[in-house]
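Working notes for the structure below.
The values are calculated or read from the model by the stated rules, or taken from the named source; none is laboratory data. Not measured: the values here are computed from a predicted model. FYI the Cβ positions are ideal-geometry reconstructions off the backbone, even for glycines, and counts take in every protein chain you see. Protein only, heavy atoms only, side chains kept; ligands, DNA and RNA dropped before computing areas. Shrake-Rupley method; radii C 1.70, N 1.55, O 1.52, S 1.80 Å.
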Amino acid sequence: MSKERSAEYRQHVEEATVFVSRSVGFVPRAAVVLGSGLGSGAAAIENPVVIPYGEIPHWPLSTAPGHKGRLVAGYLKGVPVVAMQGRLHYYEGYSMREITFPVRVFGGWGTEVFFATNASGGVHYGLLPGDLVLVADHINLMGANPLFGPNEDDWGPRFPDMTLAYDKKLMALAEEVALRESVNLKRGVYIAFAGPSFETSAEIRMARVLGADLVGMSTVPEIIVARHMGMRILAVSCVANYAAGMTESPLTHQEVLDEMGRAADRLTRLVVGIVASLGEEGR
Ligand code: HPA
């Protein structure tokens, strides 16, 4: 990306940030990304201000099935929050910069916490479809990084640290809330492929050897940008299926959506509990 394109991108981010902050009127404490089949979680948000992505200047529109495409801002037990109902994926053909545009807007808006949810495949038999897993680390095998190109120094450093990307305090908080809500929450490492084809059996064997627990096609670019902007990061993944080659049957997106539908209430309860308890969190 050239310096000119980079300056234009920055201007677009700034225009979108002004638009959403004026439309919403408060600064959210957390931005929550609701992944595949999890959009219904936004229904828990009180006094919602709903902004379809199409109304936000320069906001890229998502095309994936199971993704609604709107921002919902409001409160969860008094904590100001904004939710993305529907995220963008690299496999849709957008650039890494485009899919992380919303994260730049949240960062510029002053949002402290970036909280991602997603659907994933379980890479080993210790994880079952329906399991909720706190992402403790990731492996980026997407073949690209959203920070390629000129660095905007006031957004973040050229070489941001990733060893402390997943906020330890937030992970502890999430585990506390899970206990309180009687939701089983595991921990795992998420490996991201670009997709959109599901992985091969050999790729899943490789992922297992590399130390991954979960496999998916999203989230990692957003996490990198959120880290670049100095946001505190939390990510929870819902295992939708055994990964490729682990059962006799081929993988389908419908299977993913069906499992996410079954897990949605539990995951929503967890997400609402976590965001609500940010209000009580000492830093
Ligand atoms: N692979 C990649 N992405 C996914 C999967 C999977 O098995 N399940 C849900 N998202």
Failed item in (1) in contact with an Asp or Glu (Cβ under 9 Å, 6 or more places away or on another chain); (2) open to solvent by 40 Å² or more (accessible area, probe 1.4 Å); (3) over 19 Å from Gly279 (Cα atoms); (4) not aromatic (Phe, Trp, Tyr), with Ala43 passing the rest:
(1)
Does Gly261 meet the test of being within 14 Å of the ligand (Cβ to nearest atom), open to solvent by less than 10 Å² (accessible area, probe 1.4 Å) and closer than 26 Å to Tyr90 by Cα?
no
Does the range 97-117 contain at least one residue that is open to solvent by 10 Å² or more (accessible area, probe 1.4 Å), within 30 Å of Ala178 (Cα to Cα) and within 14 Å of the ligand (Cβ to nearest atom)?
no
Residue selected from the range 87-116 under the condition of a type in the set (S, T, N, Q) and within 19 Å of Ala192 (Cα to Cα), by the criterion farthest from the chain's Cα centre (by Cα):
Ser95
Given the criteria open to solvent by less than 10 Å² (accessible area, probe 1.4 Å), within 12 Å of the ligand (Cβ to nearest atom) and in contact with a Lys or Arg (Cβ under 9 Å, 6 or more places away or on another chain), does Ala243 qualify?
yes
